[in-house]
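Working notes, structure below.
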Amino acid sequence: MMFTHDDPILELTDSQSWQLLEKTQHGRIVLTAAGETDIFPINYLASNGMLLMRSAPGTKLAELTINEKVVFETDGISSDEAWSVVVKGTARILQSGEEIAKAEALGLKTWVPTLKDFYIEVKPERISGRHFNLGEQPERF
C-alpha cells in the first residue's frame, strides 16, 4: 500500500493502519509479566477488528495468563518507503469450542511445522501507524 505525502513522516489514521494490518501476516508481540518484558515474532491474521494468533504451550501463554495487556507491532520496508503499526490491547486465549471453530475457519496457518493448538485473540484498544518516505538527512543550513 502506497501513501503519497511530501513530509518524511505521515501519521496514519486508524483505518489506514488497519488496512496495513490486514495485508500483513507477521509481527512481534510484547508481553510483560512479573517485572519481565518479552518480545516474540509471531504470525497473525487481522479479522473483524481483532488480531488472531496461534501458540503452543509455553512462555507466551503463561505470561498472558498473568498479564493480558499486550503490545503488537508489524512493519514493512522497501527501497524508498517504510511503515510501522503498533497495537496496544488486551489478549485472551480462546476457550469455547464455538470460538475456536470460528478461529479455525479463518485459516490462520502456523509459520513452523509445530503444533500450535491455542488461539490468542488481541482486542485493540489503541492503534498508531506511521508511513515514512526514506532518504538522506537534509542539509542543516
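Data overview
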read-out	value
Any chance Gly89 is under 14 Å from the mean Cα position of the chain (by Cα) and farther than 21 Å from His131 by Cα	yes
Scan of segment 4-14 for residues that are touching a residue at least 12 places away in the same chain (Cβ under 8 Å), over 11 Å from Ile127 (Cα atoms) and either crowded, with 16+ Cβ neighbours inside 10 Å or polar (S, T, N, Q) (or both), ordered by number	Leu10
Qualifying residue in segment 109-120 (condition: surrounded by 14 or more Cβ atoms within 10 Å (Cβ to Cβ), touching an Asp or Glu at 6+ places or on another chain (Cβ under 8 Å), over 16 Å from Leu45 (Cα atoms) and of a type outside the set (Asp, Glu))	no
Subset tally (residues that are closer than 17 Å to Glu22 by Cβ and of a type in the set (Ser, Thr, Tyr)) for segment 85-133	1
Unique match (being under 27 Å from Ala56 (Cβ atoms), β-branched (Val, Ile, Thr) and free of Cβ contacts under 8 Å to residues at least 12 places away in the same chain) among Val85, Val122, Val112	Val112
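Each reported figure results from applying straightforward, stated rules to the coordinates on display, with no laboratory input. Computed from a prediction, not measured in an experiment: that's the story for all the values here. Ideal geometry is used to build each Cβ from the backbone, glycine not excepted, and the neighbour counts take in all protein chains shown.
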